[in-house]
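Novice: Have a look at this one.
The values are calculated or read from the model by the stated rules, or taken from the named source; none is laboratory data. Source: prediction; values computed, not measured. Cβ sites come from the backbone with ideal geometry, for glycine too, and all protein chains shown count toward neighbours. Remember, those area values only see protein heavy atoms, side chains included, never the ligands or the DNA or RNA. Shrake-Rupley method; radii C 1.70, N 1.55, O 1.52, S 1.80 Å.
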Amino acid sequence: MDAPLIDPFQRPVSYLRVSVTDRCDFRCSYCMSEDMTFLPKRELLTLEELDTVSSAFIRLGVRKLRITGGEPLVRRGIMTYFEAMSRHLETGALDELTLTTNGSQLHRFAADLAGLGVRRVNISLDTLNEEKFAQITRWGRLPSVLRGIDAAQAAGLRIKINAVALKGFNEDELFDMVAWCAERDMDLTFIEVMPMGDMGNEDRLDQYWSLKDLRARLEERYSTTDLAESTGGPARYIRLNETGQKIGFITPLTHNFCESCNRVRLTCTGELYMCLGQEDRADLRPALRSATAPALDDAIRAAIRNKPKGHDFDYSRQQVDGQMPRHMSHTGG
């Protein structure tokens, strides 16, 4: 391995999130608009280019690779890319290959993913109510996700449910979600809604449910233990002592977790975002298509040298600060 990637604030970059497509078969209201205009396919990196650039990051010290979208499993031929990345698991260069998915296509691919070395997946699921699920995803259907969860567990994949905490939407399902995940032996992480994308005539202040308040509600019913463990991302974890299950909190607004940020995000067009909540980015395509490994390595290192200290998301003054105009699906969360 070459010298590792270190940002200007002496944080090692060991985690790469790769968006393999901006397309999705859902239209979640906090992620994208209902009438999305997706990129022409010719603008996307080829699967071979995704292999090349991902392998370069692994050569430079990335140990965890998470595949995102859009919905990554809707991209044609995507298992070819997973197969290519699995070789890095076999050599020990990569510690973990995983993905975040809406679960709709998981019944088709769960067994193959497990066979290629994927050990766990994150599934985005905000409600267990079919009507509300159709409302928040616009195009999604809950039974397809539940079918995917069944297939993933049958394949031996560990599942973490990611639920965006939405005031007035899923507050009343807090304990139902916790109990359901406990029954199925799945971890559960709550995420604060972020000010990203075209928010229309609303600014999401009405949707914002502080996870500090959510945790306080949990502690009315359960005793908790703070956990020091980390899965390499921004979540902080507690254990519910009565059930033994692990609950995570991703709190970009209540608590800025940027001081320990170890990750960057590569879009499906080859742009590298050093921070989810900033517009700084580097276009890696010219170096990638130069067909020389040193040029690509140099471009990656130059980008990491521009990684900012953190984002500016803030709802604390009852106004939206730090809003990003791009949709969450563009950078893959």
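Novice: Among all residue pairs at least 6 apart or on different chains, which show Cβ distances below 8 Å where the first residue, located in region 261-280, is among the charged types (D, E, K, R) and the second is open to solvent by 10 Å² or more (accessible area, probe 1.4 Å) and assigned to a strand (DSSP E or B)?
Specialist: Here the result reads ARG263/ARG17; ARG265/ARG17; GLU271/ARG281; GLU271/ALA282; GLU271/ASP283; GLU279/MET324, each pair linking region 261-280 to a residue that is open to solvent by 10 Å² or more (accessible area, probe 1.4 Å) and assigned to a strand (DSSP E or B).
Novice: Pick out the one residue from PRO4, PRO40, PRO8 that is open to solvent by 20 Å² or more (accessible area, probe 1.4 Å) and touching a strand residue (DSSP E or B) at 6+ places or on another chain (Cβ under 9 Å).
Specialist: Of PRO4, PRO40, PRO8, the one residue that is open to solvent by 20 Å² or more (accessible area, probe 1.4 Å) and touching a strand residue (DSSP E or B) at 6+ places or on another chain (Cβ under 9 Å) is PRO4.
Novice: Could you check SER54 against (1) more than 21 Å from PRO286 (Cβ to Cβ); (2) crowded, with 23+ Cβ neighbours inside 10 Å; (3) among the small types (Gly, Ala, Ser) and say which number it fails?
Specialist: SER54 satisfies all of (1) more than 21 Å from PRO286 (Cβ to Cβ); (2) crowded, with 23+ Cβ neighbours inside 10 Å; (3) among the small types (Gly, Ala, Ser) except (1).
Novice: Go through region 300-309 residue by residue and tally those that are open to solvent by 30 Å² or more (accessible area, probe 1.4 Å) and either modelled with pLDDT of 95 or more or farther than 12 Å from ASP280 by Cβ (or both).
Specialist: Number of matching residues: 2.
Novice: Let me ask you something else. Do you know which residues across region 57-77 are in a helix (DSSP H, G or I) and either open to solvent by 30 Å² or more (accessible area, probe 1.4 Å) or basic (Lys, Arg) (or both)?
Specialist: Correct list: ARG59, VAL74.
Residues checked against (1) part of a strand (DSSP E or B); (2) under 25 Å from ASN262 (Cβ atoms); (3) modelled with pLDDT of 90 or more:
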| position | (1), (2), (3) |
| --- | --- |
| ARG215 | no, yes, yes |
| GLU220 | no, no, yes |
| THR225 | yes, yes, yes |
| THR231 | no, yes, no |
| ILE247 | yes, yes, yes |
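Novice: While we're here: Do you know which of the residues in region 233-245 that are open to solvent by 20 Å² or more (accessible area, probe 1.4 Å) and part of a strand (DSSP E or B) is modelled with the lowest pLDDT?
Specialist: Per the stated criteria, the residue is ARG236.
Novice: Any residue at all in region 21-38 that is in a helix (DSSP H, G or I) and in contact with a helix residue (DSSP H, G or I) (Cβ under 6 Å, 6 or more places away or on another chain)?
Specialist: No - not one qualifying residue is present in region 21-38.
Novice: Kindly indicate the residue of region 127-141 that is among the charged types (D, E, K, R) and free of Cβ contacts under 8 Å to residues at least 60 places away in the same chain and also surrounded by the fewest Cβ atoms within 10 Å (Cβ to Cβ) among those meeting that condition.
Specialist: Ranking the candidates gives GLU131 first.
Novice: Which of the residues spanning region 143-156 are of a type outside the set (Gly, Ala, Ser) and open to solvent by less than 10 Å² (accessible area, probe 1.4 Å)?
Specialist: VAL145, ILE149, listed by residue number.
Novice: For residues in region 92-126 being open to solvent by 40 Å² or more (accessible area, probe 1.4 Å) and in a helix (DSSP H, G or I), which is nearest to LEU166 (Cα to Cα)?
Specialist: HIS107
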